[in-house]
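S.K.: Structure below; questions to follow.
Every read-out reported here was derived from the displayed coordinates using simple, explicitly stated rules and does not represent laboratory data. Since this is a predicted model, take the numbers as computed values, not measurements. Virtual Cβ from ideal backbone geometry, glycine too; neighbours counted across all protein chains shown.
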Ligand code: PAF
């Protein structure tokens, strides 16, 4: 497995590859990421994984500087998973005019309206930063297939729109969320949780499951379910950002006619913001 830090080196290494599968990550890899690598492995002869903590998608008060950076351990895992190349650029390599403090990326991608609600409302600029770096990475790697996790459901839809609206010849594959035994969705940010918080963090998933059960039993009072879920989580000490039942196709508020739904939540346990979702047919 090659570990590559520059765009020029990566382009050279990819020159004769005909089928490239790509998994963009921010590192600190867990079993959820490795599953995405396996999905890419099944679809392409060369698998590239990027590891880049993208400053453009973090807000001023977010965890960019404390985000865990574990390149060596990540590379071990990726080698074992059968990745061919790791692309781990510096901030300077990705943002050429970076002067040490300011990213002079004056041209950016404006994400579609579906990025404005939910996490987009709580994290202004986040999805623009994601779409911009993913566009840059796509232009560098030029994959035929790219794999993203369903845990970041809103991000997945933003990327699908990016590919559609910019006519990119890339097939987007969605990987199912991997979970701890408790049901907690695997996430690099779970590392911020205390052992006690980790024990209660599965409540987020349990709350979503409860809503799914109610909907499958015929209850279409989505607003009522959302309110009850927010109340239940708040009572247990969570600071809830949102619990919302949406159309899985475009994240519009769910209607009684929708058949493919997604119920999403974001909430803080202490200082750690966790997200989760379940998409399902009814
Ligand atoms: O999901 C992530 O890890 C990031 O948002 C991504 C897609 C690698 C872009 O920085």
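S.K.: Condition first: in contact with a strand residue (DSSP E or B) (Cβ under 8 Å, 6 or more places away or on another chain) and either in a helix (DSSP H, G or I) or surrounded by fewer than 17 Cβ atoms within 10 Å (Cβ to Cβ) (or both). Now tell me which residues in the range 108-120 satisfy that.
M.R.: Within the range 108-120, just 119 meets the criteria.
S.K.: Follow-up question, since we're still on this one. Could you say whether any residue in the range 89-102 is within 14 Å of the ligand (Cβ to nearest atom) and either surrounded by 22 or more Cβ atoms within 10 Å (Cβ to Cβ) or not in a loop (DSSP other than H, G, I, E, B) (or both)? Break it down stepwise before answering.
M.R.: Step one: filter the range 89-102 for residues within 14 Å of the ligand (Cβ to nearest atom), giving 89, 91, 94-95.
If we keep only those that are either surrounded by 22 or more Cβ atoms within 10 Å (Cβ to Cβ) or not in a loop (DSSP other than H, G, I, E, B) (or both) as well, we get 91, 94.
Yes, the conditions are met somewhere in the range 89-102.
S.K.: Only residues that are more than 21 Å from residue 262 (Cα to Cα), part of a helix (DSSP H, G or I) and within 10 Å of the ligand (Cβ to nearest atom): list them for the range 137-155, please. Working first, answer last.
M.R.: Filtering the range 137-155 for residues more than 21 Å from residue 262 (Cα to Cα) gives 137-146.
Those still in the list that are part of a helix (DSSP H, G or I) too: 137-141.
The answer is 137, and nothing else.
S.K.: Scan the helices (runs of 4 or more DSSP H) fully inside the range 166-282 and keep the ones with 3 or more residues being under 22 Å from the mean Cα position of the chain (by Cα).
M.R.: Numbers: elements: 195-200, 203-216, 222-235.
Qualifying helices (runs of 4 or more DSSP H): 203-216.
S.K.: Only residues that are within 16 Å of the chain's Cα centre (by Cα), surrounded by fewer than 21 Cβ atoms within 10 Å (Cβ to Cβ) and outside any helix (DSSP H, G or I): list them for the range 13-58, please.
M.R.: Within the range 13-58, 26, 28, 30, 52, 53, 58 qualify.
S.K.: Being in contact (Cβ under 8 Å) with a residue 12 or more places away in the chain and in contact with a helix residue (DSSP H, G or I) (Cβ under 7 Å, 6 or more places away or on another chain) narrows it down to one residue among 203, 209, 165; which is it? Steps first, answer last, please.
M.R.: Working: 209 fails: in contact with a helix residue (DSSP H, G or I) (Cβ under 7 Å, 6 or more places away or on another chain); 165 fails: in contact with a helix residue (DSSP H, G or I) (Cβ under 7 Å, 6 or more places away or on another chain).
After applying the criteria, what remains is 203.
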